[in-house]
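The values are calculated or read from the model by the stated rules, or taken from the named source; none is laboratory data. Owing to the predicted nature of the structure, the values given are computational and were not obtained by experimental measurement. Backbone-built Cβ (ideal geometry, glycine too); neighbour counts: all protein chains shown. For the accessible areas, the whole protein counts, side chains as well, though only heavy atoms, and no ligand, DNA or RNA atoms are used. Shrake-Rupley method; radii C 1.70, N 1.55, O 1.52, S 1.80 Å.
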Amino acid sequence: VQLQASGGGLVQTGGSLRLSCAASGRSISNAVMGWFRQAPGKEREFVAAITWSSGVTSYAQSVKGRFTISRDNAKNMMFLQMNMLKPEDTAVYYCAAKNALGHSRLPTDYDYWGQGTLVTVSS
């Protein structure tokens with residue numbers, strides 16, 4: 001599976017951005033896909049995940065109520081709608097996919113990674 005993330009940029013506090021992740025290659029119909037982020041000097045952390053077949057979602061507590069993960073099955077695209085952005089949301093955001101079912105917050109459980117897209121939230 002090849003993943004390509006896009007949509008990052010510079011936004012002011014309280015603003016919104018929509019990240020996209022295009023998936024290609026082998027079928028992802030049985031996959032769980034997720035978004036992670038990594039701020040400078042920090043470890044990569046879980047943001048959200050979605051089961052491709054059912055649409056079941058899960059979120060990190062820090063983004064719950066502000067971020068929404070979704071997917072477009074027909075286009076093999078995943079999205080992360082980010083609202084009410086805060087400076088602490090500044091990070092490189094990565095999309096990832098895992099073959100086994102079941103959401104995981106551990107980066108090591110994911111088999112495929114996109115290249116990352118930078119989100120900067122100014123105060």
Q. At GLN115 and THR57, where each label point lies 7 Å from the Cα along Cα→Cβ, what is the point-to-point distance in nanometres?
A. 2.7 nm
Q. Using a simple spin-label model with points 7 Å from Cα along the Cα→Cβ vector, what separation in nm is obtained for LEU106 and ARG18?
A. 3.5 nm
Q. In terms of Cα to Cα distance under 21 Å, which lysines are near enough to LYS64, apart from those fewer than 8 places away along the same chain?
A. LYS42, LYS86
Q: On the protein heavy atoms, probe 1.4 angstrom, tell me the percent of accessible surface of the chain carried by carbon and sulfur.
A: 50 percent
**Q.** Alpha-carbon Rg/Rh ratio, for the chain, with Rh computed the Kirkwood way
**A.** 0.94
**Q.** Loop-located GluC sites (Glu not before Pro) in the range 40-104, at most 12 other Cβ atoms within 10 Å (DSSP)
**A.** GLU43
Q: Keeping all protein chains in place, calculate the accessible area per residue for the range 1-112 (probe 1.4 angstrom), answer in Å².
A: 49 Å²
Q: Take every Cα pair under 8 Å in the chain that's 6+ residues apart, average their separations, divide by the length, and report that relative contact order as a whole percent.
A: 36 percent
